[in-house]
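Presented below is the structure to which this report refers.
Bear in mind that the values in this text are calculations on the coordinates, not laboratory data. None of the values given here were measured: they were computed from a predicted structure. With ideal geometry, Cβ positions are generated from the backbone for all residues, glycine too; neighbour counts draw on all protein chains shown.
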Amino acid sequence: MTKTCEIICKTLDDTAALASRFAKFIENDGCFVSLYGEIGAGKTAFVKKVADAIGITEKVTSPSFVILNEYHSAKIPVYHFDLYRLENEGVKTIFDELQEYSEGRQITFVEWAEFSQNQIPFDHIKINVTYEDDDSRKYSFEGFGEKCEDIIEGLNQ
């Protein structure tokens, strides 16, 4: 059974607080995070806030046009993919590479993970970001694998 957690963020400060809390659980051992949500929902904003929280000093930007941005200024590297331009067929060509980014001590974020057709077989955390009626954002977390389920359990406390 997977662990889940839902958190509503009414402001960007709320998002920063959530990202900081999430970062505390992943900053030492890393994690593979797949991000889902509409354009402008807050996927990149969340990644930026987590990067800030773990000490990334480079400017964090959306990798929409380059597919992958790498950040190495903190104690753990951060890899930030955006699959939007690849869509379904393109994702198949880099799927093995994505799996490599799930192994070892690193943090990997994958935006537009929808294009992986939910075929991520390795341990990861799925975050779905949705707009709420009052312009707030709902972050729905789901952990796959023991380590990721422990992270979600920590967020629930």
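What does the net charge come to around Gly55 if you take all other residues with beta carbon closer than 11 Å to its beta carbon, with K and R at +1 and D and E at -1?
Charge balance in the 11 Å sphere: -2.
Over the chain, what is the relative contact order in percent, taking alpha-carbon pairs closer than 8 angstrom and at least six residues apart?
Computed value for the chain: 35 percent relative contact order.
Looking at the chain, send over the antiparallel percent of its DSSP beta bridges, to the nearest 5.
Taking every DSSP beta bridge within the chain, about 55 percent pair in antiparallel fashion.
To the nearest 20 Debye, how big is the dipole of the chain about its Cα centre, given +1 on the beta carbon of each Lys and Arg and -1 on that of each Asp and Glu?
Working: 16 positive and 28 negative charges, 77 e Å.
With Lys and Arg at +1 and Asp and Glu at -1, about 360 debye.
May I ask for the net charge around His80, where only other residues with Cβ less than 9 Å from the Cβ of His80 are counted and Lys, Arg are +1 while Asp, Glu are -1?
-3
Rounded to the nearest 20 Debye, what is the dipole magnitude of segment 1-78 about its Cα centre when Lys and Arg each give +1 and Asp and Glu each give -1 at the C-beta?
Numbers: 9 positive and 9 negative charges, 16 e Å.
In debye, rounded to 20, segment 1-78 gives about 80.
Helix-only mean residue ellipticity at 222 nm, the chain, DSSP H runs n ≥ 4 weighted -39,500 (n - 2.57), per residue, nearest 500. What is it?
Value at 222 nm, helices only: -10500 deg cm²/dmol.
Here are a few candidate values for Rg/Rh (Cα atoms, Kirkwood Rh): [x] 0.93; [y] 1.03; [z] 1.29. Which one was actually calculated from the structure I just gave you?
Step by step, Rg/Rh (Cα atoms, Kirkwood Rh) for this structure corresponds to label [x].
Going Cα to Cα from Lys10, which aspartates and glutamates come in below 12 Å? Please leave out same-chain ones fewer than 8 positions away.
Counting by Cα, and skipping residues close in sequence, Lys10 has these aspartates and glutamates nearby: Glu132, Asp133, Asp134, Asp135.
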